[in-house]
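Engineer: Take this structure first; my questions come after.
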Amino acid sequence: MNPRRKKRLGIVLAIFIGISATIGLMLYALNQNMDLFYTPTELVNGKPDGTKPEVGQRLRIGGMVVVGSVKRDPQSLRVSFDLHDVGPKVTIVYDGILPDLFREGQGIVAQGILKDASTVEAFEVLAKHDEEYMPPEIAEAMKKTHEPLQYSETQKQGSDQ
């Protein structure tokens, strides 16, 4: 092989290795920042395709706040509450100021880290903005795996007070 072809081959290999390394690092960075969405039932039982989150994984979870489950620490801003759809309940622990629209019996989406099979430590809590609104991700997930959640009039009246 003559020196000119050897030099060209070296340059092509260097460019190929550089592009491969760049793509690999980008995929690694994107994977670290990807937050998957779960409903409480999917978090506990796993998704229909069999995937289940691991302890320490970042995720987003959406559902309805269980009436009577909100517990506030009087010494700090730490709040814990239960979240459900139609299956098991999941406990959300949050240290911060909750949104103004946060209420029991209302839909929320929390972003956080899975601490154990049914506990999420949230670093962000988002509340819906009116009584009829349900985040599209929750509505779609509930349509796929569950029947729509029905509330009795007594639960609605209890949450309005």
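The values are calculated or read from the model by the stated rules, or taken from the named source; none is laboratory data. This one's a predicted model, so the numbers in the text were calculated from it and none came from an experiment. Cβ coordinates were reconstructed from backbone atoms using ideal geometry, including for glycine residues, and neighbour counts include every protein chain displayed. Side chains included, ligands, DNA and RNA excluded: accessible areas come from the protein's heavy atoms. Shrake-Rupley method; radii C 1.70, N 1.55, O 1.52, S 1.80 Å.
Engineer: When only C-alpha pairs under 8 Å and at least 6 residues apart count, what is the relative contact order of segment 36-127, in percent? Can you show the working numbers first?
Structural biologist: Working: 212 pairs, mean separation 28.1, N = 92.
Worked out over segment 36-127, it gives 31 percent.
Engineer: Computed FRET efficiency, Cβ-Cβ of residue 29 and residue 137, R0 30 Å: what is it to the nearest 0.05?
Structural biologist: 0.80
Engineer: Residues with amide H under 5 Å of residue 67's amide H, sequence separation 5 or more or different chain, H placed in the peptide plane at 1.01 Å from N; which?
Structural biologist: HN-HN under 5 Å from residue 67: 105.
Engineer: Efficiency by 1/(1 + (r/R0)^6): what FRET value for residue 36 and residue 4, r their Cβ-Cβ distance, R0 = 41 Å, to the nearest 0.05?
Structural biologist: 0.20
Engineer: With a 1.4 Å probe and all protein chains kept in place, how much accessible area does residue 119 have, in Å² rounded to the nearest 10?
Structural biologist: Estimated to the nearest 10 Å², residue 119 gives 30 Å².
Engineer: In addition: For residue 101, tell me the accessible area in Å² from a 1.4 Å probe, rounded to the nearest 10.
Structural biologist: We get 80 Å² for residue 101.
Engineer: Under 1.5 on a/c is rounded, so check that first for segment 36-127, then, if it is not, pick prolate when a/b is larger than b/c and oblate when it is not; a ≥ b ≥ c are the square roots of the alpha carbon gyration tensor eigenvalues. Walk me through the intermediate numbers first.
Structural biologist: Details: a/c = 1.97, a/b = 1.53, b/c = 1.29.
It comes out prolate by the Cα gyration axes.
Engineer: Please report the antiparallel percentage of the DSSP beta bridges confined to segment 30-94, to the nearest 5. Mind dumping the intermediate values first?
Structural biologist: Numbers: 9 of 12 bridges.
Bridges in segment 30-94 that DSSP calls antiparallel: roughly 75 percent.
Engineer: Moving to a separate point now. Got a sec? Which residues in segment 51-91 would a label at residue 117 touch, if it sits 7 Å along Cα→Cβ and we count backbone N under 18 Å?
Structural biologist: 51-57, 83-85, 87-91
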